[in-house]
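Trainee: This is the structure, below, for whatever I ask next.
Values in this text are rule-based calculations from the coordinates and carry no lab data. Just so it is clear, the structure is predicted and the values come from calculations on it, not from any experiment. Here the Cβ is made from the backbone with ideal geometry for all residues, glycine too, and neighbour counts use every protein chain on show.
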Amino acid sequence: MGLEIRAEALSLLLACALGAALGLLYDLLRPIRRRARAGLWDALFCLCAAAAAFLFAMRAENGVLGTGEILLSLAGLLLYLRLLSPLLLPLWEKCVQEIGAFAQKAQENAKKVPENAKKLFQNRRE
């Protein structure tokens, strides 16, 4: 009997961690959603959340999520969003902003490559 209670406690703890992990994924996608098409990124998050819930349920003995697992997943998500999200979201925003600036500079440099190549090969013929 002790093993069943221990397994159930572990399952509830993992459900809470699953909720926190989904909160982290939501936070990672949030800066991108603000700069691009939100619907695509929302669909990606929903797909990941559904896949995680499905895999979590399939790991369970009877293949269903119990009420406790669902509630603790929600609690883990809310705890992450209330406690860690305010600390980590500015970091994610800064990273996405830096990646965007790098991509913009790379795109500008890529547009200059044909012009520079043309000048180089024209000078080479002379």
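Trainee: Tell me, what ³J(HN,Hα) does each residue in region 43-51 have, in order and in whole Hz, if you take phi through Karplus 6.51 cos²θ - 1.76 cosθ + 1.60 with θ = phi - 60° and put x for Gly and Pro?
Mentor: 5, 4, 5, 4, 5, 5, 5, 5, 5
Trainee: Starting from the exponent 0.38 and prefactor 2.2 Å, build the expected Rg for region 16-58 from its residue count and divide its actual Cα Rg by it. It would help to have the intermediate numbers written out before the result.
Mentor: Working: Rg = 11.0 Å, N = 43, 2.2 N^0.38 = 9.2 Å.
For region 16-58, the normalised Cα radius of gyration is 1.20.
Trainee: Follow-up. Pairs of Cα atoms under 8 Å, at least six residues apart: use those to get the relative contact order of the chain, whole percent. Write out the running numbers ahead of the final one.
Mentor: Values: 70 pairs, mean separation 48.0, N = 126.
In percent, rounded to a whole number, it is 38.
Trainee: Next question. Write out the GluC sites (Glu not before Pro) in region 12-119 meeting two conditions: DSSP loop, and at most 10 other Cβ atoms within 10 Å of their Cβ.
Mentor: Glu61
Trainee: Of all the C-alpha pairs in the chain, what % are more than 25 Å from each other?
Mentor: Working: 3797 of 7875 pairs.
Here the long-distance tail beyond 25 Å is 48 percent of all Cα pairs in the chain.
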